[in-house]
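Quick notes on the structure that follows.
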2 protein chains.
Amino acid sequence: MSDTATTPPTSKSAQTRQRILDAAAEVLSRKGYAGTRLGDVAAVAGVQAPAIYYYFGSRDELVEEVMWVGAHRVRLHVEEVLAAVPEGATYMDRMMVAVDAHLRFELQLSDYATASIRNAGHVPEQLRVRPAAEEALYSRLWRDLFVAAQQAGEIRADLDINVFRLLLLGAMNWVVEWWNPRTRSLDELVATAQAMVRHGAGQP
Amino acid sequence: MSDTATTPPTSKSAQTRQRILDAAAEVLSRKGYAGTRLGDVAAVAGVQAPAIYYYFGSRDELVEEVMWVGAHRVRLHVEEVLAAVPEGATYMDRMMVAVDAHLRFELQLSDYATASIRNAGHVPEQLRVRPAAEEALYSRLWRDLFVAAQQAGEIRADLDINVFRLLLLGAMNWVVEWWNPRTRSLDELVATAQAMVRHGAGQP
DNA sequence: TAGAAATTCTAATCTGGTTTAGAATGAGGA
DNA sequence: TCCTCATTCTAAACCAGATTAGAATTTCTA
């Protein structure tokens, strides 16, 4: 293997591993778990299929890593963006920022995120454990945001914020199933999703 | 084959075919396309795997039929419910009814609907043609509803109803990924989804 | 209730894709 | 340069399921 103290992460070896992982994310995000052949991944990465086994123990191990990285990065990204929000911002403002960050990251920046979202419910159980832990953390991030917003009176008191949160995340996740950058503007999408939260959950 | 003029749809043969189809819908809704083995379907239906080939040409043909039936039934159900709405109802009222019908049908009444929703983006291209046609009709139903509501002034004029509609359908479709009847009340879910539309899209 | 047709089964085959074996290549250090 | 280790390749083994063959059974009709 590599990527240790003796071999810097930019070594040829580490780059190849990364290329394979990127390729897997790309194919997985496009074709889904069932449609992803190791041969396709290898072709995209520019190697022969057996080369994958030098870096990953099995097809499933490769898939699991993609899923985990995807879930992990989405969370990190949204956390970072939220951390940069100025002090005085309302919780509703923060939610707008989170919606923006989630959507843009998922659609523009990361095949990993897309792969993770699309396949979460389609991979064998054993592959879900580690990614699920990440998703739980991400879920909590949103829960905290909703709870704080409702306590601050920025969200209708009678709204079931747990259900609303799950519906919102679902709406945003499902975007990967229909989004086509050529026919729609990302700005418009973000604005509409934000309106769905601001008016759907916020005070009249 | 059977189910012709000479063999009524309640004949043993037709019943077996139905049992296999039901079993396929059940397994598909639970395990997804990749996880669905013909052997599992056969076991649930109470036959041996090869018996399936007496009724269906191939695994994919069986899957395709489940997907189509699922999409078809959701549309029929929502159409029926909408047709029963009294004359004077507002378009917003109709949308509330449609949300209710969609969610209850998908979660309570139909493994077919769940199978169709969950696997739409995961089956090979050829299997999507017929189901996609159904989905297009269903999509139009919602589009018409949104257009009418906005023209009637029941929806904010500045809202992008196409994007909002896709977000809403996504939110409702994704419910199959997290819904657990034991931990949540269906009524609460329906009410929250309705609120998301009424306040999220409706006039203040 | 015999015989034909329909249905379902067991056993075998086929297939595409993953995985393993082991040889070839290439890069880096003595 | 030569040797060693890392990396990648080609060829072959392996496997889990789908599918087919053909026999056995059940159902229906006359």
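Here are a few things to note about the model shown:
- So B:SER139, is it more than 15 Å from A:GLY170 (Cα to Cα), among the small types (Gly, Ala, Ser) and within 12 Å of chain A (Cβ to nearest Cβ): yes
- Of all residues in region A:169-189, those satisfying the criterion of being more than 7 Å from chain B (Cβ to nearest Cβ) and under 16 Å from the mean Cα position of the chain (by Cα) are A:LEU169, A:MET172, A:VAL176, A:TRP179.
- The requirement of being under 14 Å from the mean Cα position of the chain (by Cα), over 27 Å from A:VAL41 (Cβ atoms) and not in a loop (DSSP other than H, G, I, E, B) is satisfied by A:GLU79.
- Of all residues in region B:39-53, those satisfying the criterion of being near DNA strand D (Cβ under 8 Å from one of its atoms) and either hydroxyl-bearing (Ser, Thr, Tyr) or in contact (Cβ under 8 Å) with a residue 24 or more places away in the chain (or both) are B:ILE52, B:TYR53.
- Scan of region B:150-168 for residues that are hydrophobic (A, V, I, L, M, F, W, C) and more than 10 Å from every other protein chain (Cβ to nearest Cβ), ordered by number: B:ALA152, B:ILE155, B:ALA157
- Hits in region B:190-204 - residues which are within 7 Å of chain A (Cβ to nearest Cβ), closer than 19 Å to B:ALA157 by Cα and surrounded by 23 or more Cβ atoms within 10 Å (Cβ to Cβ): B:MET196, B:GLY200
- Test: A:ARG73 is at pLDDT 95 or above and away from DNA strand C (no atom under 13 Å from the Cβ): yes
- Whichever residue in region B:39-57 is under 26 Å from B:VAL176 (Cα atoms) and within 11 Å of DNA strand C (Cβ to nearest atom) and, among such residues, is surrounded by the fewest Cβ atoms within 10 Å (Cβ to Cβ): B:GLY39
- Taking (1) more than 16 Å from DNA strand D (Cβ to nearest atom); (2) among the aliphatic types (A, V, I, L, M); (3) free of Cβ contacts under 8 Å to residues at least 40 places away in the same chain; (4) part of a helix (DSSP H, G or I) in turn, A:VAL85 satisfies each apart from (4).
- Taken over region A:19-37, the criterion of being within 8 Å of DNA strand C (Cβ to nearest atom) and in contact (Cβ under 8 Å) with a residue 24 or more places away in the chain is satisfied by A:THR36 alone.
- Of the criteria (1) surrounded by 15 or more Cβ atoms within 10 Å (Cβ to Cβ); (2) within 11 Å of another protein chain (Cβ to nearest Cβ); (3) within 19 Å of A:ALA193 (Cβ to Cβ), which one B:PHE146 fails: (2)
- Inspection of region A:92-100 identifies no residue that is more than 29 Å from A:GLN203 (Cβ to Cβ) and within 12 Å of chain B (Cβ to nearest Cβ).
- Scanning region A:52-66 for residues that are more than 18 Å from the chain's Cα centre (by Cα) and in a helix (DSSP H, G or I) yields a total of 7.
Residue-wise test of (1) of a type in the set (A, V, I, L, M); (2) under 13 Å from the mean Cα position of the chain (by Cα); (3) in the same structural domain as A:ARG140 (by TED's automatic domain parsing).
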| residue | (1), (2), (3) |
| --- | --- |
| A:ASP22 | no, no, no |
| A:ALA45 | yes, no, no |
| A:TRP68 | no, yes, yes |
| A:ALA71 | yes, yes, yes |
| A:ALA89 | yes, no, yes |
| A:VAL97 | yes, no, yes |
| A:ARG104 | no, yes, yes |
| A:LEU107 | yes, yes, yes |
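- Top-ranked residue of region A:112-121 - restricted to ones that are crowded, with 21+ Cβ neighbours inside 10 Å and within 12 Å of chain B (Cβ to nearest Cβ), ranked as nearest to B:GLY32 (Cα to Cα): A:ASN119
- Some residue of region A:79-86 being in contact with a Leu (Cβ under 9 Å, 6 or more places away or on another chain), farther than 30 Å from B:ARG118 by Cβ and surrounded by 15 or more Cβ atoms within 10 Å (Cβ to Cβ): yes
- Taken together, the residues in region A:119-146 that are in contact with a Leu (Cβ under 9 Å, 6 or more places away or on another chain) and farther than 25 Å from A:GLY200 by Cβ amount to 1.
The values are calculated or read from the model by the stated rules, or taken from the named source; none is laboratory data. All values derive from a computational prediction rather than experimental measurement. Every residue, glycine as well, gets a Cβ built from its backbone with ideal geometry; the counts of neighbours run over all protein chains shown.
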